[in-house]
1. Run the helix sum for the chain: -39,500 (n - 2.57) per DSSP H stretch of 4+ residues, divided by residue count, reported at 222 nm to the nearest 500 deg cm²/dmol.
2. Consider just the alpha-carbon atoms of the chain and return their Rg together with their Dmax, both in angstrom.
3. When only C-alpha pairs under 8 Å and at least 6 residues apart count, what is the relative contact order of region 102-156, in percent?
4. Rounded to the nearest percent, how much of the accessible area of the chain (1.4 Å probe, protein heavy atoms only) is carbon and sulfur?
5. In degrees from 0 to 90, rounded to the nearest 10, what is the angle of the helix 12-25 Cα long axis to the longest principal axis of the chain?
6. May I ask for the angle, rounded to the nearest 10°, between helix 128-139 and the longest principal axis of the chain, with both axes built from Cα atoms and the value confined to 0 to 90°?
7. Find out how many positive minus negative residues lie around Ile36, taking Lys and Arg as positive, Asp and Glu as negative, among other residues whose Cβ is under 15 Å from that of Ile36.
8. Please compute the per residue accessible area over region 96-178 with all protein chains in place, 1.4 Å probe, rounded to a whole number of Å².
Amino acid sequence: TLQGFGLLADQAEDVVNKIDAVANTQPVTANDIGEILTRSSAAMSAANNTLDETIALGTAANAVIQNADTVGTTLKTLSMYSRAAKTDAEAAGIEVDGMADSVSKLRTELKSLTGVDIMADNKNFKSTYQIMKEISEVWGSLTDVSKANVTEMLAGKRNANAVSAILNNFSVAESAME
């Protein structure tokens, strides 16, 4: 986790304190958060997420899925799919069926379905957390077909359940962030 987020060894206590604080107040164990971070930290950091945002998304997904391995892999996949990082995903052994072929295609399709832009500006992506937060705000108004398309676009068929869990329970992510 320290290496994945580019943190220094003297920041380890802060990481442990954050994990413990969330585990003591949310439906997730410290062990589960550790496993989620082990599987996703480098990819989530590369996708402009903070440690706090990664813990929050992992907590929201794990509240429903109850499988830290699956949740950690889903966050890694979500971070790559939401940036249309197909080459990175393939190199990581992630299934890319359903993944957008380009950033512009993903940006256009996701925006047409949800109204959410994955880009902060023309050169920088929003964090995965920010993208999921914005989608969660319109999630309830989407049709079932749109929801299925969005989840597949963001994480593929295998991870759609965990992505839906995050979007349906984003209040858990926000609570974990606090």
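1. Numbers: 10 runs with 119 residues, N = 178.
That calculation yields -20500 deg cm²/dmol at 222 nm.
2. 15.1, 48
3. Working: 29 pairs, mean separation 17.8, N = 55.
The value is 32 percent.
4. Working: 3770 of 8330 Å².
Answer for the chain is 45 percent, counting heavy atoms of protein chains only.
5. The two axes meet at around 70 degrees.
6. 60
7. -3
8. Values: 4140 Å² over 83 residues.
Accessible area per residue: 50 Å².
The values are calculated or read from the model by the stated rules, or taken from the named source; none is laboratory data. Because the structure is predicted, anything quoted here is derived from the model rather than measured. Cβ sites come from the backbone with ideal geometry, for glycine too, and all protein chains shown count toward neighbours. For accessibility, only protein heavy atoms count, side chains too; no ligands or nucleic acids. Shrake-Rupley method; radii C 1.70, N 1.55, O 1.52, S 1.80 Å.
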